[in-house]
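Undergrad: Structure in structure tokens, see below.
FYI, it's all coordinate maths here, none of it is from the lab. Since we're looking at a predicted model, the values are computed, not measured. Heads up, the Cβs are rebuilt from the backbone with ideal geometry, glycines too, and the neighbour counts pull from every protein chain shown.
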Amino acid sequence: MSYEAPTTNHPAAPVMPAPSAIPGPSVTSGSTGSMPPATGSNVLAVVALISAFLVPLAGIVCGHIALVQIRRDGRPGRPLAIAALIIGYAFTAIGVIVMALSLMITLTVGS
């Protein structure tokens, strides 16, 4: 029994391109790249809505700032900012009315 070496009649194996020539995402050290655009609501509008219940004045301020950002950037969240403004102003008005009534009652009972 004899062993015969295989013949090399087939073409050479394909040559892999250099790593820099391979398409795809490239990762380089120190490169920050660009972030994809965010698709959620304006964060300040959400903060304004939450804070409108807790600290109405903060909700009013954050709501106005959020509306300016939304108008400038075009991101969604306008209904949240408007709701925060409505709730913030309503709670502020209720607080002023309650304080005025309590002051009137205190002055009336005290005399």
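Undergrad: Round to the nearest 0.05 the FRET efficiency obtained for MET99 and HIS64 when R0 = 25 Å and r is the Cβ-Cβ distance.
TA: The value I calculate is 0.60.
Undergrad: How much net charge surrounds ASN42 when only other residues with a Cβ under 10 Å from its Cβ are counted (Lys, Arg +1; Asp, Glu -1)?
TA: Residues close to ASN42 contribute a combined charge of +1.
Undergrad: Under the Karplus relation 6.51 cos²θ - 1.76 cosθ + 1.60, θ = phi - 60°, what is the ordered set of whole-Hz ³J(HN,Hα) values for the range 46-62, x standing for Gly and Pro?
TA: Once θ is set to phi - 60°, the couplings for the range 46-62 become 5, 4, 4, 5, 5, 6, 5, 7, 8, 9, x, 5, 5, x, 5, 5, 5 Hz.
Undergrad: Something else now. Can you list the HN-Hα couplings for the range 87-100, worked out from phi with the Karplus curve (6.51, -1.76, 1.60; θ = phi - 60°), rounded to whole Hz and with x for Gly and Pro?
TA: 5, x, 5, 5, 5, 5, 4, 4, x, 5, 5, 4, 5, 5
Undergrad: Continuing with the same structure: With the crude spin-label approximation of a point 7 Å out along Cα→Cβ, what separation in nm comes out for VAL109 versus PHE53?
TA: With each label point 7 Å from Cα toward Cβ, the separation is 3.1 nm.
Undergrad: Moving on to the next point. What are the principal axis extents of the Cα atoms in the range 41-110, in Å, biggest first?
TA: Taking the Cα atoms of the range 41-110, the three principal extents are 55, 16, 14 Å.
Undergrad: Using the per-residue mean of other Cβ atoms lying within 10 Å as a proxy for protection, in what order, highest first, do the peptides 50-56, 104-110 fall?
TA: Output ranking for 50-56, 104-110: 50-56, 104-110.
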